[in-house]
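Enquirer: The structure under discussion is supplied below as structure tokens; questions concerning it will follow.
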Amino acid sequence: MNGWIVAAAAVLAGGGAAALWGVTTGSLPRRAVAQNLTTSVVCPVLLLLAQGYGRTSYVDLALLAALLGPIGTLVFARLLADDLAGGGPGAWVLTWAAAALGAGVVVALCVAGGPGGAMVKLLVIGALLIGGNLVASRSLSGGFREVRGD
């Protein structure tokens, strides 16, 4: 067991507990935010586990999660638009914390791995994770009114 695996376990425990709390105690908008948080936690965990175990296939799973997670949240936001119309939960602190976590993990792995093709893939994952999280969180909080036609 090394530091990367311990960091992955700590991130998974903290983020998983926050997501589980949001799903079990919250209203529909809070549950949607917790679903978005799950993606924002799983992706950095997969990246940390990839470094800890030396398995590059975990990086591909993180890329897939960073791409499809926010898309799933946007689908939920569109399908639940009537329920979220009153203004969703204000989760900007959580959103920025998840974005900072993703950025920190990507930067740490870029420093550990050095320059090369793997670094480019990590930077793409980081951009997808952070950008997708911000867009999905804005859509859940009632943003993008011009798209809804309000």
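The values are calculated or read from the model by the stated rules, or taken from the named source; none is laboratory data. Source: prediction; values computed, not measured. Quick reminder, even Gly has a Cβ in these numbers, built from the backbone with ideal geometry, and neighbours come from all protein chains shown. Each accessible area value is taken on the protein alone, full model and side chains, heavy atoms only, with ligands, DNA and RNA left out. Shrake-Rupley method; radii C 1.70, N 1.55, O 1.52, S 1.80 Å.
Enquirer: Given the residues Thr95, Thr39, which is the only one that is open to solvent by 20 Å² or more (accessible area, probe 1.4 Å) and either under 12 Å from Ser139 (Cα atoms) or at pLDDT below 90 (or both)?
Expert: Details: Thr95 fails: open to solvent by 20 Å² or more (accessible area, probe 1.4 Å).
Unique residue meeting the criteria: Thr39.
Enquirer: If we scan the stretch 38-59, do we find a residue that is out of contact with any helix residue (DSSP H, G or I) (no Cβ under 9 Å at 6 or more places or on another chain) and part of a helix (DSSP H, G or I)?
Expert: Taking the stretch 38-59 and keeping what is out of contact with any helix residue (DSSP H, G or I) (no Cβ under 9 Å at 6 or more places or on another chain), we get 54.
Now restrict to residues that are part of a helix (DSSP H, G or I): none.
Checked against the condition, which is being out of contact with any helix residue (DSSP H, G or I) (no Cβ under 9 Å at 6 or more places or on another chain) and part of a helix (DSSP H, G or I), the stretch 38-59 yields no hits at all.
Enquirer: Right, here's the next one. Scan the stretch 19-37 residue by residue and report those that are part of a helix (DSSP H, G or I) and more than 14 Å from Asn133 (Cβ to Cβ). Full working, then the answer.
Expert: Initial filter on the stretch 19-37 (part of a helix (DSSP H, G or I)): 19-25, 28-37.
Of everything in the stretch 19-37, those that are part of a helix (DSSP H, G or I) and more than 14 Å from Asn133 (Cβ to Cβ) turn out to be Leu20, Trp21, Gly22, Val23, Thr24, Thr25, Leu28, Pro29, Arg30, Arg31.
Enquirer: Name the residue, out of Leu28, Leu48, that is touching a residue at least 24 places away in the same chain (Cβ under 8 Å), open to solvent by less than 80 Å² (accessible area, probe 1.4 Å) and within 17 Å of Lys121 (Cα to Cα).
Expert: Working: Leu28 fails: within 17 Å of Lys121 (Cα to Cα).
Only one candidate qualifies: Leu48.
Enquirer: Taking into account only those residues within the stretch 110-137 that are buried (at least 22 other Cβ atoms within 10 Å of the Cβ) and of a type outside the set (Val, Ile, Thr), which is modelled with the lowest pLDDT?
Expert: Ser137
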